[in-house]
Amino acid sequence: MKRNILFATETDVNQGRGYFPQDIRRLYNIPSNLTGSGQSIGILEFSNGYSINDAKQFWSQHGIQVADVAFVSVDGTRNDGGRSPDDEEASLDLQWAGAIAPGAKLIVYEANAGQTFETFADAVIASLKYVLDDTTHTPSVLSISYGDAESSFDQDALTQIADLIEQLSQKGVTVCISSGDQGAYGMHDTRGVPERHADAPASVPFAVAVGGTHLNPDGTETAWTYNGPQNGGATGGGFSDVFPKPSYQSSFNSTGRGLPDISFNADPASGYQIIFQGRNAIVGGTSVSCPVFAGIVALLNERRAQLGKGPIKNLTSLLYTNYHSIPYRDITVGNNSFNGVTGYQAAPGWDACTGFGSIDASAFIEYVAQLDDTAVTSAPAVGSMRSDQAPSVLPKSTSKYPVIRVLATIHKVEADALVHGVHHHQLLLRDVHVLAIRGADPSIVKGYAFVAIRYGDDEGLSGPIPDLKAGRSIELQGEYIPQNDAYPSVGNPGDPVIHFVHHPIGFVEYEGKTYQ
């Protein structure tokens, strides 16, 4: 569920050291007379801790004096001090939010994500509820660098998250969420269904979805596009299958909420410097562009306070209703194709690759600080999307059954069956644990299932999986057919079926090896 941190092995920036805070401030024209004073930035972390010594070393190295850092455990989860390899997520979030808004108080809200999409969604919901009721720290902006394809989550959970973010937005808490690092494909697991997927919870209509660019030293930008192992990703973007098109996108040729809304540097090849476990590192991904924009929002709210106004409300809608006047830096080069899935092209105006582009931060802050955010109306026309920007141009499965990914224990290995001239491994699975169900109702999945893994032709595996044994763990992806709909087959006593684990959407992981 967390963004996979993208480390760069080399970069042309600063003799291979990555962008420093002073570079990002200069290239995005972030005002030096604002620090975020009087504001609080909430940084939501899920099972990732941080080292305050790393953060202080980074800030000191660049002459930054950060006002204050607080740790808040939502559910009793402790900060592990940045000792885990996964803790670079919290480290970069904290270090770069502080680099952009050093006068703001930084609050790290920590919750245990668990091991499944369901437990992660529960942790997000608990954290948002906590922040909504937090009268001690009262953040005016949140940064969330976590998520995955909408199809991985239960729709009821996404609806709850959307409702909480809407409440926060209308209260004056802007929720910034990274749009993902797997392009239009949108899933961390590259073995998933080869379709376009919008990233959640970035697809929530009242969140500001922050995408990614490649920032050149001269200030020009292109879309962050996958170009090989050095980059390792592409900016997330697309159209929601869960949330309908909001009023502020009324003129779009789509049915779902489009994202991202705005973008900043995220390509590891033009990456950011951080300190992790006492050493310099270079990182990329929308995990960094998101806290950078959250820091800019804190500066915006400081400026509004100077004008006698409260923190900005409903910022996502305002980005669209005022698009003619906001100083966007339009990005028209690049795309977000990834993992064999054709993405969206960067184009004049808004697009499902970089949104409106990036900004001149000083001009953006000064303009938005003056806005009346009490009455948000429907967006005026922002220009029709080109036909190649419309969603769902790739074929999707017409099956009524959900694609699920499960971790199970093999209960019984039966003799291989020869059906229609093709061989099948026959397994009975118990202790089925759902890892992702692609938006369907999880209650339909029982704790047992029958599976016959095809091999020996061009629709299955090239050969049998060796050494299948009862009692061992196995991970599979395929269509889940409930017991009442399961078709009779050799060896199946009437159990629910995991189908198509072989073709075209499935895979099997067994004993550390992947078969697909």
Worksheet item: What span do the alpha-carbon atoms of the stretch 194-240 cover on each of the three principal axes, reported in whole Å from largest to smallest?
Response: 33, 27, 12
Worksheet item: Which percent of Cα pairs goes in each bin when the distances of the stretch 269-359 are cut into 5 angstrom slices starting at zero?
Response: 3, 11, 13, 19, 19, 14, 12, 7, 2, 0, 0
Worksheet item: Given a cut-off of under 8 Å on Cα pairs at least six residues apart, what relative contact order in percent is computed for the chain?
Response: 15 percent
Item to complete: Report, ordered by chain and residue number, the lysines lying within cross-link reach of LYS313, taken as a straight Cα distance under 22 Å and ignoring same-chain residues fewer than 8 apart.
Response: LYS105, LYS129, LYS171, LYS245
Fill in: Cα-derived Rg over Rh, computed across the chain with Rh taken as Kirkwood radius
1.00
Discussion item. Between 0 and 90 degrees, rounded to the nearest ten: what's the tilt of helix 117-132 against the longest Cα principal axis of the chain?
Written reply: 30 degrees
Worksheet entry | For peptides 85-91, 154-160, sequence by mean Cβ density within 10 Å, most packed first | 85-91, 154-160
Response to the item:
With a 1.4 angstrom probe the carbon and sulfur portion of accessible area for the chain, in percent, totals 48 percent
Worksheet item: Under a Cβ-Cβ cut-off of 11 Å, what is the net charge of the residues other than GLY258 that fall near it, where Lys and Arg count +1 and Asp and Glu count -1?
Response: 0
Item to complete: Whole number in Å², please: accessible area per residue of the stretch 432-516, 1.4 Å probe, ligands, DNA and RNA not counted.
Response: 47 Å²
Worksheet item: Once Rh is set to the Kirkwood radius over Cα pairs, what Stokes-Einstein translational diffusion coefficient, in µm²/s, holds for the stretch 14-119 at a temperature of 25 °C and a viscosity of 0.890 mPa s?
Response: 168 µm²/s
Item to complete: For the stretch 261-335 and the stretch 97-137, write down the distance between their C-alpha centroids in whole Å.
Response: 18 Å
Worksheet item: Can you list the lysines whose alpha carbon sits under 30 Å from that of LYS446, skipping same-chain ones fewer than 8 residues off?
Response: LYS2, LYS396, LYS400, LYS412, LYS469, LYS513
Fill in: Positive-end residue of SER317, VAL124, ALA223, charge dipole of the chain with Cβ unit charges
SER317
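The values are calculated or read from the model by the stated rules, or taken from the named source; none is laboratory data. Source: prediction; values computed, not measured. Neighbour counts run over all protein chains shown; Cβ positions are idealised from the backbone, glycine included. Side chains are part of the model used for accessible areas, which takes the heavy atoms of the whole protein and leaves out ligands, DNA and RNA. Shrake-Rupley method; radii C 1.70, N 1.55, O 1.52, S 1.80 Å.
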